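The values are calculated or read from the model by the stated rules, or taken from the named source; none is laboratory data. These figures come from a predicted structure and were not determined experimentally. Neighbour counts are summed over all protein chains in view; Cβ atoms, including those assigned to glycine, are modelled from backbone coordinates with ideal geometry. Each accessible area value is taken on the protein alone, full model and side chains, heavy atoms only, with ligands, DNA and RNA left out. Shrake-Rupley method; radii C 1.70, N 1.55, O 1.52, S 1.80 Å.
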Amino acid sequence: MEDLFDYSGRTVFVAGGTSGINFAIAESFARAGASVAVLSRRPDKVKTAVDRLGEYGITALGFAADVRDFDAVDSALTTTQAELGELDVVISGAAGNFPAPADSMSPRAFAAVVDIDLKGTYNVLRAAHPHLRKPGAAVINISAPQATVPMSFQAHACAAKAGVDMVTKVCALEWGPAGIRVNAIVPGPIADTEGMSRLAPTPELAGAVADSVPLGRYGTTDDISACALWLASPHASYINGAIIPVDGGWSLGGAAVLTRGAP
Ligand code: NAP
Ligand code: COA
């Protein structure tokens, strides 16, 4: 897929870009020639990600920071522009999740997910805005089916990702006139990820999830990064404020199967 896109000379920042879906996205932009910066909390994950991205012969930067800390995010984005130039693509995908019942999860548990997923996404976009190429930048938030499909034991994630979708649309409205496009990708159940290992931890539940996808399978991280490469490119230059499912049709109804995933 990377062969179809040339991001050489471009700068890409991926919040939460050190593992899983977001790392795969960072890797695909690196393969397509972009300079790539990633941010996440754990210094060991940041170092490993930067080392692996550097193997593609591009310039890679890493920041160990928490998206809940606006000043740290702001500093990372300022440094990225200083070292790599104006930002062409910003991906906001840092997230936390676990199944927990609404009647007994602690208020701090609810707050942790909302603070990371929703407020963290706002922090990334707010800090990125001064450094975005205007016109021409593309912002992509990573949402989830929980934004539109109510799932048991997911009150925190459903609320947070619904908020992410709305932040996406409002920023698309406000920033479109400057030539900045803001969209979101909604991954379906993606194989070999931390997110699905938490939500469908048993083979039985994982099988039920696969059966509930109209296309009959889990997605791959390549399915998501292919969409990101296209969505950030000039081929998608009239797409703004879109929330794009890449989920095999799962959010048409099948995603409700996760209501069976008792914690
Ligand atoms: P993952 O591997 O756990 O990725 C999460 C990333 O965010 C990691 O790099 C993690 O690194 C970072 N992170 C977590 N909390 C952070 C914080 N407070 N500040 C900064 N970075 C933080 O999970 P994944 O399953 O690939 O999910 C990636 C994205 O896809 C998420 O937005 C998720 O909601 C979305 N999604 C996933 C699926 C799926 O099937 N997996 C489906 C729908 C949507 P550190 O631990 O180093 O901070
Ligand atoms: N069930 C119920 N509550 C849980 C929980 C679980 N599985 N995991 C954490 N919590 C609660 C904690 O008990 C705490 O509440 P308390 O202080 O009232 O006891 C609260 O959530 C915050 O936990 P803490 O460990 O301090 O948060 P953190 O900020 O260090 O970590 C998490 C954030 C909890 C989201 C953690 O799971 C994480 O770092 N996730 C990142 C990876 C991930 O989730 N990937 C999938 C992406 S979709």
Among the numbered conditions (1) surrounded by 17 or more Cβ atoms within 10 Å (Cβ to Cβ); (2) in contact (Cβ under 8 Å) with a residue 60 or more places away in the chain, tell me where ARG198 comes up short. (1)
Being buried (at least 21 other Cβ atoms within 10 Å of the Cβ) and touching a residue at least 60 places away in the same chain (Cβ under 8 Å) is the filter here, so list the residues in region 206-230 that pass it. ILE224, SER225, ALA228, LEU229
Residue that is of a type in the set (D, E, K, R), away from ligand 1 (no atom under 15 Å from the Cβ), under 26 Å from ASP247 (Cβ atoms) and at pLDDT 95 or above, where the choices are LYS119, LYS161, LYS134, LYS169: LYS169
So is ASP115 under 19 Å from PRO150 (Cα atoms) and of a type in the set (D, E, K, R) or not? no
From GLY33, GLY16, which residue is within 16 Å of the chain's Cα centre (by Cα), at pLDDT 95 or above and not charged (D, E, K, R)? GLY16
Selection count where residues are within 16 Å of ligand 1 (Cβ to nearest atom) and crowded, with 18+ Cβ neighbours inside 10 Å, scope region 90-106: 10
Within region 107-147, tally of residues that are open to solvent by 10 Å² or more (accessible area, probe 1.4 Å), within 16 Å of ligand 2 (Cβ to nearest atom) and of a type outside the set (A, V, I, L, M, F, W, C): 6
Taking the condition out of contact with any His (no Cβ under 7 Å at 6 or more places or on another chain), open to solvent by 60 Å² or more (accessible area, probe 1.4 Å) and among the hydrophobic types (A, V, I, L, M, F, W, C), does PHE70 pass? yes
In region 73-89, how many are of a type in the set (A, V, I, L, M), open to solvent by 10 Å² or more (accessible area, probe 1.4 Å) and touching a residue at least 24 places away in the same chain (Cβ under 8 Å)? 1
Looking at region 12-58, which of the residues that are part of a strand (DSSP E or B) and not β-branched (Val, Ile, Thr) is farthest from ligand 1 (Cβ to nearest atom)? SER35
Give just the number: which of (1) closer than 20 Å to ALA24 by Cα; (2) in a helix (DSSP H, G or I); (3) in contact with a strand residue (DSSP E or B) (Cβ under 6 Å, 6 or more places away or on another chain) does ASN141 not satisfy? (2)
Residue count, region 144-177, condition touching a helix residue (DSSP H, G or I) at 6+ places or on another chain (Cβ under 7 Å) and either hydroxyl-bearing (Ser, Thr, Tyr) or not in a helix (DSSP H, G or I) (or both), comes to 7
Looking at ASN141, ASN183 in this structure, which one is within 11 Å of ligand 1 (Cβ to nearest atom) and among the polar types (S, T, N, Q)? ASN141
